[in-house]
1. Say we look at segment 263-291 and pick out the residues that are modelled with pLDDT under 80 and under 24 Å from residue 345 (Cβ atoms); which of these is surrounded by the most Cβ atoms within 10 Å (Cβ to Cβ)?
2. Hey, could you check segment 83-111 for residues that are out of contact with any helix residue (DSSP H, G or I) (no Cβ under 8 Å at 6 or more places or on another chain) and within 20 Å of residue 58 (Cβ to Cβ) and say which is modelled with the lowest pLDDT?
3. Test of understanding: among 371, 381, which residue is at pLDDT below 60, surrounded by fewer than 17 Cβ atoms within 10 Å (Cβ to Cβ) and touching a helix residue (DSSP H, G or I) at 6+ places or on another chain (Cβ under 7 Å)?
4. Select from segment 60-88 the residues that are under 14 Å from residue 131 (Cβ atoms) and either in contact with a strand residue (DSSP E or B) (Cβ under 8 Å, 6 or more places away or on another chain) or touching a residue at least 60 places away in the same chain (Cβ under 8 Å) (or both) and list them in ascending order.
């Protein structure tokens, strides 16, 4: 039988893996099975770390004296029986930090203060599953559905046996009273599992105010890019957008085969030309491109202004000066009605009628964080 070059290369690679494994002292086939195995060592705690996730499945939570023991048992069974990367996470709650109030008032007309039945301090132990990169990861969604129907032995509640599983009694009552044939009645003890975030990661990771990779790429090699602006705010003095072709001569030219230059590209070129002209005049000008428009801004500021006693903002004098300098001016040209305004122009390019302060866009915190974590995992920086 003749073996193709690709198949021969693959066979050689597998053979090399087997030889290396055997040389290392392990069974020759073990290295071929590592991808389908998940470690389940009873001596390991498998505590959650920042390197896990960032998106995970909350399988179950426990509280009470045996919470850690029962949570650890579930972690091991999920790993050994279901081949799921499960982790243990503890969270301590101090009820003294916040006062709890009930319905009604006391004899002094004050809200009724309540006491927690479990005491002022308690610990919840959660079991989290998986290492997913996005909330809509197909593997995460598929695993979540299976997880809800799993029946781990360690979560079975026998007669006379107690459990530290949070809300276990309520869940059992709910399943008992559900109508026959109801889907929820057939779910397992982890039927209320849901996708969540790794609680050890910073909030900025999951709520970045940054830009997506495509927009960053658009601005990567641009001179005077707004991404390089050191301040938090700047002043937009002009913006340029693409537009639909409606001119009949343009339409006819396109029909005759003449390529039409993208209006969005034209907008970007105009923005860069304006920024360069402003720089030559001594102004700190920046350019920014996105999918729909290009803008030109001036200045770098740490704040828009300061709050006043009446709740309004006293605008930063430097920002106000830029807005006044580049905003539309009163028209005095013959033929124009009194009180009319006229857009200012630089190198023949019109500016916005009313410049406005805008936030300086930043690269995504999440993408930077992910890059750092991946680098640490694979021996990077």
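1. Restricting attention to segment 263-291, the residues satisfying the condition of being modelled with pLDDT under 80 are 263-264, 291.
From what's left, under 24 Å from residue 345 (Cβ atoms): 263-264.
Numbers: 263: 14, 264: 18.
In this case the residue turns out to be 264.
2. Taking segment 83-111 first, the residues out of contact with any helix residue (DSSP H, G or I) (no Cβ under 8 Å at 6 or more places or on another chain) are 89, 91-111.
Going one step further and asking which of them are within 20 Å of residue 58 (Cβ to Cβ), we end up with 89, 91-93.
Working: 89: 96, 91: 88, 92: 83, 93: 66.
The residue in question is 93.
3. Working: 371 fails: touching a helix residue (DSSP H, G or I) at 6+ places or on another chain (Cβ under 7 Å).
Answer to the check: 381.
4. Filtering segment 60-88 for residues under 14 Å from residue 131 (Cβ atoms) gives 78-79, 83-87.
78, 79, 84, 85, 86, 87 - these are the residues of segment 60-88 that are under 14 Å from residue 131 (Cβ atoms) and either in contact with a strand residue (DSSP E or B) (Cβ under 8 Å, 6 or more places away or on another chain) or touching a residue at least 60 places away in the same chain (Cβ under 8 Å) (or both).
The values are calculated or read from the model by the stated rules, or taken from the named source; none is laboratory data. From a predicted model like this one, the values you see are computed outputs, not experimental measurements. With ideal geometry, Cβ positions are generated from the backbone for all residues, glycine too; neighbour counts draw on all protein chains shown.
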